[in-house]
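Written below as structure tokens is the structure these notes are about.
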Amino acid sequence: MLSQCYQSLLARAGQWGFDTTKLPHNLRTALAAFLAVLIAWALGLQHPQWAGMTVWAAAQPLRGQMLEKSLFRITGTMIGTVAGVALVLVAHGDILWLVTGLAVWMGICAGLGNLQRGFASYGTMLAGYSAAMVALLDWAHPENVYTLGWDRLFTALTGVFTALLVGWLFTAKGTRIPGDSKIRHLCARLLRDLAQAAIQPDVPQISAKVLAERLSLMGAIEEGLEPHAAGSQRSREAVRALRRLINAQIYAMAWMRDSTNRRSELRLAPEQAKIVSESLEQAAQMLEADTTPGDAVQAIARARAACEGWGSAPEMLANIGYALQAQLVTQAQVPLPDNHRSRQLPVVLHSDWVGARRAMLRAFSAMFLVGMIWVVTGWSGGAYMLLGLSVMITVFSSFDNPVFTMRFVTLGQAFGVLVALGCQWLAWPFAHSQFQMVLMMLPFIMIGGLLFSHRRTMLSGYDCNMVLLLLLSPHYPHVDTFGHSLAMGLAVITGPLAGWAAYRFILPITVQGRLQGLRAMMVHELQDMAAAAVPAHDVRVWRARLYHRLLRLVRNSEKVSSHEAAQAAENALAALRVGHAIQTLHKLADESAVVDGAGRCVRTALKRLERLQAAPLQSVPALRGAAKRLKATRPQQAMQLAQVAVDIEQHQAFFASHT
């Protein structure tokens with residue numbers, strides 16, 4: 001009976017515009033936030049509402065994610081609290097020194113946060129604005145800073161433990177990683193392409209359009225993997241195994257998109273081609289059946305044994321087999337054999353150094369400029385404006401389009417101010433104790449949960465809840481004036497407005513800018529490789545990092561146009577071929593047999609490639625000259641260098657990218 005009533009209420013809520021999958025979770029989180037406020041008040045903490053804010057921040061749909069985010073929240077809060085106390089003590093009531101110190105700290109946290117990912121990035125950003133909360137809310141009384149710091153720390157701990165207690169009872173443990181099945185199906189399609197290539201090596205199996213479509217899907221899946229690595233070592237290993245499988249497929253697709261002339265010289269005998277084709281078809285069928293990949297691994301191993309001498313195909317199939325084997329042992333919770341672990345393709349993720357540098361400069365500049373407005377005007381709401389900006393300039397600096405996001409943030413904070421004013425002036429005047437004030441917060445916190453669950457307001461709901469709790473400080477008797485409450489609310493709303501201005505005018509974040517940064521980092525790495533030979537392991541690391549950047553490049557290009565995505569895939573594969581050619585040139589330069597004119601051409605080509613970004617076309621004659629000199633003695637390497645010369649000509653705009 002109760003279940004039927006519950007389902008009926010959910011159905012009615014759905015008719016009213018609520019998201020019925022999020023509504024129960026958000027209402028439970030709202031109740032947990034109120035419980036945290038109540039516990040913090042009972043413990044005698046000065047700002048119990050901060051505990052409720054922590055509950056909203058720590059809430060996650062899966063247990064592992066909730067646990068890991070809570071740990072990083074505690075760590076970030078502790079570091080930020082220490083930094084905030086230190087800033088107040090150093091400034092000692094001088095606003096200029098306080099603003100300057102905060103600007104430097106925010107720049108550091110924003111920069112480091114953009115180099116990290118997942119909840120580690122969140123913890124670093126939190127350390128930034130936690131310092132602002134400690135330093136700004138009572139900056140004029142440095143003698144109270146230790147009390148405020150301890151209060152900030154213990155309210156955060158109260159909120160984290162309350163969120164864990166309530167969330168653990170209702171939150172799922174976690175299921176299969178989203179996208180795992182799609183990646184296996186893509187692998188099955190790839191194996192069929194390879195099976196066909198074994199029989200018809202001269203026929204291109206993957207077009208540029210198909211390549212871009214597959215990379216786009218892989219990029220979309222990879223983009224959402226990081227949260228699912230949270231909570232346990234097993235989860236991390238499962239995500240790494242899936243990323244290895246993605247890398248192995250990119251390696252194979254790059255090989256298939258390479259020159260068909262080179263592949264055609266390494267033909268399989270008919271009986272070999274038949275074994276390879278049949279084995280790969282069997283493996284594809286097994287992967288499509290979504291069973292454990294053990295049998296598919298064995299079929300791939302048979303194909304690998306039969307294709308010895310077919311260029312890089314054995315290594316490529318081995319990589320796919322090892323990646324599937326890693327998935328198998330992760331699911332079975334048994335360790336991966338050492339010989340397999342050492343042969344795995346490394347997983348190396350892209351670090352956005354360009355974006356991190358810009359985020360650091362933007363955060364410092366915005367905090368300092370807005371802080372100077374406070375210094376010059378002496379506005380009483382300046383501290384709240386700077387506090388709001390500290391959140392905006394850090395948390396949203398890693399977003400693709402923070403200028404657009406600020407619209408929803410501003411709207412959400414406006415909702416939060418209105419709901420907070422309702423509690424302060426429609427409920428609190430009737431309270432006869434601080435306990436009653438805390439109890440009266442419940443319906444307004446629940447309103448925040450409802451706004452977070454409605455389809456029209458959910459994009460603004462989180463900010464509504466955070467601002468609502470920031471402004472509701474239950475101190476009895478309530479002696480504030482409506483004008484002061486309204487002024488503080490408006491001061492809070494200026495935070496996202498200042499954030500919008502910072503993202504709009506100070507080193508703006510755009511899709512094209514992120515694309516340019518990715519291209520520049522790819523080409524810089526090629527130049528570094530040309531300047532000095534790198535060990536084989538470092539080459540594997542470069543290749544793995546390039547694969548991840550390739551996925552990011554395709555995903556970001558897709559936001560411009562589908563044509564841009566296809567072109568981005570071809571550009572990245574050209575960069576991969578240039579990198580392999582650079583390794584070939586270094587090997588040739590070290591060979592004593594390559595002397596006279598050929599040796600000089602090889603060294604000249606490397607020198608030209610060191611300036612690839614500044615003058616990409618200058619390397620083309622040198623590469624062709626080396627290919628011509630090596631044609632008689634090193635035909636395969638000569639063909640590789642000639643192909644790379646064509647790649648640089650065709651993708652000149654990509655290699656000339658600069659930041």
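The values are calculated or read from the model by the stated rules, or taken from the named source; none is laboratory data. From a predicted model like this one, the values you see are computed outputs, not experimental measurements. As a convention, Cβ positions derive from the backbone with ideal geometry for all residues, glycine included, and neighbour counts pool all protein chains shown. With ligands, DNA and RNA removed, areas are computed over all heavy atoms of the protein, side chains included. Shrake-Rupley method; radii C 1.70, N 1.55, O 1.52, S 1.80 Å.
Observations on the structure shown:
- Reducing region 356-383 and region 64-142 to their Cα centroids gives an inter-centroid distance of 15 Å.
- Note on LYS628: no aspartates and glutamates have a C-alpha under 13 Å away, same-chain residues under 8 apart excluded.
- Segments 476-484, 504-512 sorted - mean Cβ within 10 Å per residue, highest first: 504-512, 476-484
- Our coupling estimate for region 398-408, obtained by passing each phi through the Karplus curve with A = 6.51, B = -1.76, C = 1.60 and θ = phi - 60°, is 9, 6, 5, 9, x, 4, 5, 4, 4, 5, 6 Hz, Gly and Pro reported as x.
- A dipole drawn for the chain from +1 and -1 charges on Cβ atoms has a positive end, and of ALA283, LEU31, GLY311 the residue lying farthest that way is GLY311.
- Rounded to the nearest 0.05, the FRET efficiency derived from the C-beta distance between THR633 and ALA208 at R0 = 22 Å is 0.05.
- Only DSSP H runs of four or more residues enter the estimate; each adds -39500 (n - 2.57), and after division by the residues of the chain the mean residue ellipticity at 222 nm equals -25500 deg cm²/dmol.
- Neighbourhood net charge (9 Å Cβ-Cβ; Lys/Arg +1, Asp/Glu -1) for VAL348: +3
- Computed P(r) (all Cα pairs; region 532-616; 10 Å bins; percent): 16, 36, 30, 13, 4, 0
- Region 1-39 and region 188-247 have Cα centres spaced 38 Å apart.
- Relative contact order of the chain: 16 percent, from C-alpha pairs under 8 Å at least 6 residues apart in sequence.
- Span from the region 416-453 Cα centroid across to the region 564-618 one, whole angstrom: 66 Å
- Cα gyration tensor shape of the chain, rounded if a/c is under 1.5, else prolate or oblate by comparing a/b with b/c: prolate
- Taking amide hydrogens as placed 1.01 Å from N in the peptide plane, the amide H of LEU62 sits under 5 Å from that of no residue at least 5 positions away in sequence or on another chain.
- Whether region 22-83 is rounded, prolate or oblate, judged on the alpha carbon gyration tensor where a/c under 1.5 counts as rounded: oblate
- Residue-wise HN-Hα coupling along region 252-258, computed from phi with Karplus coefficients 6.51, -1.76, 1.60 (Hz; x: Gly, Pro): 5, 5, 4, 5, 6, 7, 5
- Separation of the alpha carbons by more than 24 angstrom is noted, of LYS182/LYS274; LYS182/LYS559; LYS587/LYS607; LYS22/LYS69; LYS209/LYS274, for LYS182/LYS274; LYS209/LYS274.
- For the peptides 242-254, 396-408, the ranking by packing is 242-254, 396-408, with the highest mean count of neighbouring Cβ atoms within 10 Å listed first.
- Per atom type, the chain shows carbon and sulfur on 61% of its accessible surface, probed at 1.4 Å.
- With K and R counted +1 and D and E -1, the other residues having a Cβ less than 13 Å from that of ARG455 yield a net charge of +1.
- Accessible heavy-atom area order of TYR129, TYR384, highest first, probe of 1.4 Å: TYR384, TYR129
- Rounded accessible area per residue of the chain, 1.4 Å, Å²: 43 Å²
- For the pair CYS5 and PHE404 in one chain, pulling the backbone fully straight at 0.36 nm per residue adds 139.6 nm over the alpha carbon distance.
- Electrostatic tally near SER562: other residues with Cβ closer than 10 Å to its Cβ, Lys and Arg +1, Asp and Glu -1, net -2.
- Cβ-Cβ FRET estimate between VAL104 and LEU31, R0 fixed at 56 Å, reported to 0.05: 0.90
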